[in-house]
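These notes concern the structure reproduced below.
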Amino acid sequence: MNWHYVEQGQPTGPVSDEQLAELNRTGKVNADTPVWHEGMADWLPFNQVSLELKPSGPVPGPGGTAAAAPPVAAGNASEAVCNECGKIFPIDEMIPHGNTRICSGCKPVFMQKLSEGAKINTGELNYAGFGIRFGAKLLDGLILGVPFMLVYFLVMFPLLASQAGERTSGKVTFLPILLQLLLQFGIIAVQVAFQTFFLGKYGATPGKMVCKLKVVTATGDKISYGRAAGRALAEMLSGMICYIGYFMVAFDNPQRRALHDHICNTRVIYK
């Protein structure tokens, strides 16, 4: 079911049942926020329709018939929100399509999308599955792995040779071990910084960009740098437990979340 809600005096949406519930949990939609979906007679406060978050029949309008009014600004039943551009227009200047309406300006592009079989924006998030996410992760691993291997060979081979010579001569120092630990922590720091920068700035690492994926919040919004850093650290936990955190994607229906997505309340979707 596609919901619309009022934010700062303007209708916003559509969002799915789960997204609306998440907006309520995060405080973006409170008990008094007007909400609406196709079939409701008028906008109602969220606390009066929260039980409708599970799919149900349309709310009867005046006279016992189902109202078919489009999403409207509160108090104005003659306007609707265009599902393509998100702007408000008079109803008589728009065309209906399922639970949405399209303005006259967006109509040519919308009809072209329909004729080409292109994906139509319905407000639903298109979650990425295990295979495409594995491919994106593999690409990121190659991007980071090649420089890491070069550094390892340039730094660790001389250290290991030096350590072998010390053992032969009877002199043993802890410098090679210390450098190995520093190198390992350096690799972890680079991995976290890599993900924090790209996810915080672009919403996707290079591997995800190639695969046309992005990481978003439960409502489809861009994640912050703080959440990106937390997700990068949580991803280490997914790998530490025999990669079970990653394999969760294959079994987490329908949102395909890994363990680090559950921890940080993120989703990986197609752009």
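The values are calculated or read from the model by the stated rules, or taken from the named source; none is laboratory data. None of the values given here were measured: they were computed from a predicted structure. All Cβ positions, even for glycine, are placed from backbone atoms using ideal geometry, and neighbour counts span all protein chains on display.
Applying the criterion of at least 3 residues that are buried (at least 16 other Cβ atoms within 10 Å of the Cβ) and either of a type in the set (A, V, I, L, M, F, W, C) or in contact with a Cys (Cβ under 7 Å, 6 or more places away or on another chain) (or both) to the helices (runs of 4 or more DSSP H) found wholly in segment 224-271 leaves 225-240, 259-264.
Going by what's in this entry, would residue 186 be described as part of a helix (DSSP H, G or I) and at pLDDT 90 or above? When the stated conditions are applied, residue 186 does not pass them. The residue list 229, 218 contains one member that is touching a residue at least 24 places away in the same chain (Cβ under 8 Å) and under 19 Å from residue 271 (Cα atoms), which is 218. Annotation: of all residues in segment 253-271 being closer than 13 Å to residue 130 by Cα and among the polar types (S, T, N, Q), the one that is nearest to the chain's Cα centre (by Cα) is 255.
Quick one: which strands (runs of 3 or more DSSP E) sit completely within segment 1-115 and have at least 2 residues that are at pLDDT 75 or above?
Those strands (runs of 3 or more DSSP E) span 3-7, 10-15, 34-37, 88-90, 94-97, 100-103.
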